Amino acid sequence: MNTAFHSKSLHLKNRVLVASGTFGYGNEVARFTDLSKIGGIVTKSVSWKPRIGNAPMRIAETPSGMLNSIGLANVGIEEFTAEKLPYLRNVDSQIIVNIAASTIDEYIQILERLEDEEGIAAYEINVSCPNVKEGGLNFGTRCEMTGEITRELRKRTDRFLIIKLTPNVTHIADFAKTCQDEGADSVSLINTLVGMAVNIKTRRPVLSTITGGFSGPAIKPVALAKVYEAAKAVKIPIIGIGGIMSWKDAIEFLLVGASAIQVGTANFLDPDAAAKIAEGMAAYCEEEGIEDIQELVGALKVHETQSAPGFVPVKA
Amino acid sequence: MTVNQWYSVRSNRKVAEETYALRFSAPELAETIKPGQFLNVRVTKEHDPLLRRPYSISNIYGDECEIVYAVEGRGTNILSRMDETSEIGVIGPLGNPFGMEKDYGTAVIMAGGIGVAPFPILTTALKEMGKNTVTLVGARNGTRLFTDGLADPIVATDDGSAGYHGNVLDCFKAQVDLSSLDNPRIFACGPTPMLHAIQQYALETGIQCELSLETEMACGMGICQGCPIESKSAPRKYSLVCTDGPCFEADDIVFHQHTHA
Ligand SMILES: Cc1cc2nc3c(=O)[nH]c(=O)nc-3n(C[C@H](O)[C@H](O)[C@H](O)COP(=O)(O)OP(=O)(O)OC[C@H]3O[C@@H](n4cnc5c(N)ncnc54)[C@H](O)[C@@H]3O)c2cc1C
Ligand SMILES: Cc1cc2nc3c(=O)[nH]c(=O)nc-3n(C[C@H](O)[C@H](O)[C@H](O)COP(=O)(O)O)c2cc1C
Ligand code: FES
């Protein structure tokens, strides 16, 4: 029985990755889980300069979910390459470096700096970042900007290039298609939704940044629909993310068209979650007599009379 | 040893108004956990409430660990209804212990409200080290006082219904002769405004002081970046309460009035 993932230069032993910003740099949780059981580790978004992140409160719990406004707090590219990568290189899993930036030049600068570093299996580009040149408008909410980032980075690397899409758009399929057209090897989705929590006693927003990123089991239905929509529009493999807590959730994502999945918020509840999910998926395949897990990808049974309302076919 | 597993509840008794002490048997934890460290606790196997709640280790009885909690919101309401048929999910030990080994003479323990939780185990450890202790415990009123496991606590209540009428710090100033204490070191835990006041007092008097802080936490393990506290020693403004703390030297912490919930 085969659970591995192979696409171009990316080879994962199973279909489970841990999501950026929810697993640190791996070393923090090595005492809680066997990192070698995880298909891939996506590192916390790295920017050119270190970022201190937002003021507290950065976290709010919501029904079956949570909000965060971490503000991309990270060590910056120099400390990342000097202190975090050496540890990760020795981990028996694939390392995917997630990049965040506030200008297209900064994305390029970071990627070019990383090109010299060994032990990186892929890049994941976080386009859910404010573009300072456009007054803080999120890159990922504009197809042209998402396309331009993809094009510029594609020119500069032969490594596996994943663009991580934001769900805070009307037709995510258009974004996935644009990434494919500009040469991306894969798209991952979803990043967090925009959410908010209010304290009625103080009449203040709970988070210091007023709104924050919504994640956890509560967002799974949204994530499934977005993956399903994107999968209808592209041929490149899709990595499904959003509210995955168990192997059953993971299988749902494969059925709607994801080739692999990422585990995010679940790591906070159980740092061993990703390893357990990988085991659970393998056990399910054994039980169902599935020889290659690839059989499940996009295997959702939809009757020809059924169609999802509001899905606009993407122009070829 | 680090644990990440479910334990059956051994006992869960009410010890004061809205205050409970819950025990579970975990020899591997009981052996290794140190005063000031905490556990991150899941109160349900369902996904609502979603996140773990951090609780200080309060005491050890042989193989059993005890946490002491005040009923506040959803998580602690669920905890308060638990009995021997219930299970809690525990990750720990997390965070850094109190600086018991630092160079000082007398340990001054200052607890406000449920901030009393980490001090029974600290009291035991200090006794084993042969340290002198002075302990002050504050609560809203007498019915909320919990002083088990503390050494000769001096009590203060906001409404004067038991002990000194006022807060812990004023009680200390009024009832303890500072000059009689041999090179004191304060260990404080409680609401942030109280810790802020104790910090200012320690800075003014030059007394060594350590604060056990609370913030929101999503992971407790250093992977979410959700628990920042502004600190002078942090290379980039913020330290993480879960992995750099929860115990900090008082002069390292920068409090802001508006962050007091
Ligand atoms: C290191 C550390 C040690 C702690 N030790 C104890 C202890 O020994 N005994 C005890 O009773 N409590 C302790 N707390 C607070 C405890 O973790 C819970 O926040 C508190 O019990 C309220 O939880 P709830 O689910 O009932 O409230 P809810 O209102 O349902 O909580 C909602 C969310 O807010 C968070 N939250 C609420 N109040 C606080 C607070 N004061 N500080 C931080 N986060 C908060 C919760 O963790 C949760 O994520 C500690 C906190 C920290 C950070
Ligand atoms: C605390 C926190 C921090 C995150 N940081 C990042 C980040 O730095 N870069 C990024 O691309 N996504 C980040 N994410 C988004 C996750 O990688 C993931 O896309 C999202 O949480 C949805 O998945 P989940 O519901 O499984 O958590 C973060 C999420 C959380 C909860
Ligand atoms: S609680 Fe997650 S980093 Fe501290």
Query raised in the report: Of all residues in the range B:61-79, which are more than 9 Å from ligand 1 (Cβ to nearest atom) and either crowded, with 20+ Cβ neighbours inside 10 Å or not in a strand (DSSP E or B) (or both)?
Result: B:62, B:63, B:65, B:66
Report task. Quick one: which residue in A:275, A:266, A:282, A:250 is away from every other protein chain (no Cβ under 14 Å) and either within 16 Å of ligand 3 (Cβ to nearest atom) or touching a helix residue (DSSP H, G or I) at 6+ places or on another chain (Cβ under 7 Å) (or both)? Result -> A:250
Query raised in the report: Which of the residues that make up the range A:14-28 are in contact with an Asp or Glu (Cβ under 9 Å, 6 or more places away or on another chain) and either surrounded by fewer than 23 Cβ atoms within 10 Å (Cβ to Cβ) or aromatic (Phe, Trp, Tyr) (or both)?
Result: A:25
Report task. Tally the residues that are at the interface with chain B (Cβ under 9 Å from one of its Cβ atoms), under 20 Å from the mean Cα position of the chain (by Cα) and of a type in the set (Ser, Thr, Tyr), restricting the search to the range A:28-68. Result -> 1
Report task. Give the residues of the range B:21-41 that are within 11 Å of ligand 1 (Cβ to nearest atom) and in a strand (DSSP E or B), sorted by residue number. Result -> B:21, B:22, B:38, B:39, B:40, B:41
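Find the residue count for the range B:218-238, including only residues that are within 11 Å of chain A (Cβ to nearest Cβ) and surrounded by fewer than 24 Cβ atoms within 10 Å (Cβ to Cβ).
Within the range B:218-238, residues that are within 11 Å of chain A (Cβ to nearest Cβ) and surrounded by fewer than 24 Cβ atoms within 10 Å (Cβ to Cβ) number 7.
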Report summary line: Wholly inside the range A:129-240, helices (runs of 4 or more DSSP H) that include 2 or more residues that are touching a Leu at 6+ places or on another chain (Cβ under 9 Å) and closer than 26 Å to residue B:47 by Cα are A:220-233
Query raised in the report: Any residue at all in the range A:96-116 that is on the phi > 0 side of the Ramachandran plot and out of contact with any helix residue (DSSP H, G or I) (no Cβ under 7 Å at 6 or more places or on another chain)?
Result: no
Requested in this report: Hey, could you check the range B:205-217 for residues that are open to solvent by 10 Å² or more (accessible area, probe 1.4 Å) and not hydroxyl-bearing (Ser, Thr, Tyr) and say which is farthest from ligand 3 (Cβ to nearest atom)?
Outcome: B:206
Query raised in the report: Scanning for something surrounded by 22 or more Cβ atoms within 10 Å (Cβ to Cβ) and farther than 22 Å from residue A:269 by Cα, does the range B:39-55 turn up at least one residue?
Result: no
Query - Pick from the range A:43-68, criterion out of contact with any helix residue (DSSP H, G or I) (no Cβ under 8 Å at 6 or more places or on another chain) and under 23 Å from residue A:84 (Cα atoms), ranking: farthest from ligand 2 (Cβ to nearest atom) - result: A:52
Query - Hits in the range A:117-138 - residues which are at pLDDT 95 or above and at positive phi - result: A:119
Requested in this report: Scan the range B:235-256 for residues that are part of a loop (DSSP other than H, G, I, E, B), more than 16 Å from ligand 2 (Cβ to nearest atom) and under 18 Å from residue B:221 (Cβ atoms) and report the count.
Outcome: 2
Query raised in the report: residue B:85 is checked against (1) open to solvent by 30 Å² or more (accessible area, probe 1.4 Å); (2) in contact with a strand residue (DSSP E or B) (Cβ under 6 Å, 6 or more places away or on another chain) and fails just one. What number does that condition carry?
Result: (2)
**Report entry** Candidate set: the range B:140-157, residues that are surrounded by 14 or more Cβ atoms within 10 Å (Cβ to Cβ) and hydroxyl-bearing (Ser, Thr, Tyr); chosen: the one nearest to the chain's Cα centre (by Cα)
**Finding:** B:147
Query raised in the report: What tally of residues in the range B:158-170 results from selecting those that are under 16 Å from residue B:193 (Cα atoms) and surrounded by 19 or more Cβ atoms within 10 Å (Cβ to Cβ)?
Result: 3
Query raised in the report: Taking the stated definitions as given, is residue A:210 modelled with pLDDT of 95 or more and buried (at least 23 other Cβ atoms within 10 Å of the Cβ)?
Result: no
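Could you identify the single residue in B:175, B:257 that is more than 16 Å from ligand 1 (Cβ to nearest atom), loosely packed, with under 15 Cβ neighbours inside 10 Å and within 14 Å of another protein chain (Cβ to nearest Cβ)? Spell out the reasoning first.
Numbers: B:175 fails: within 14 Å of another protein chain (Cβ to nearest Cβ).
The conditions single out B:257.
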Report task. Out of the residues in the range B:104-130 that are surrounded by fewer than 17 Cβ atoms within 10 Å (Cβ to Cβ) and without any contact (Cβ under 8 Å) to a residue 60 or more places away in the chain, state the one that is farthest from ligand 1 (Cβ to nearest atom). Result -> B:130
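The values are calculated or read from the model by the stated rules, or taken from the named source; none is laboratory data. Source: prediction; values computed, not measured. So basically every Cβ, Gly included, is an ideal-geometry build from the backbone, and we count neighbours across all protein chains shown. Protein only, heavy atoms only, side chains kept; ligands, DNA and RNA dropped before computing areas. Shrake-Rupley method; radii C 1.70, N 1.55, O 1.52, S 1.80 Å.
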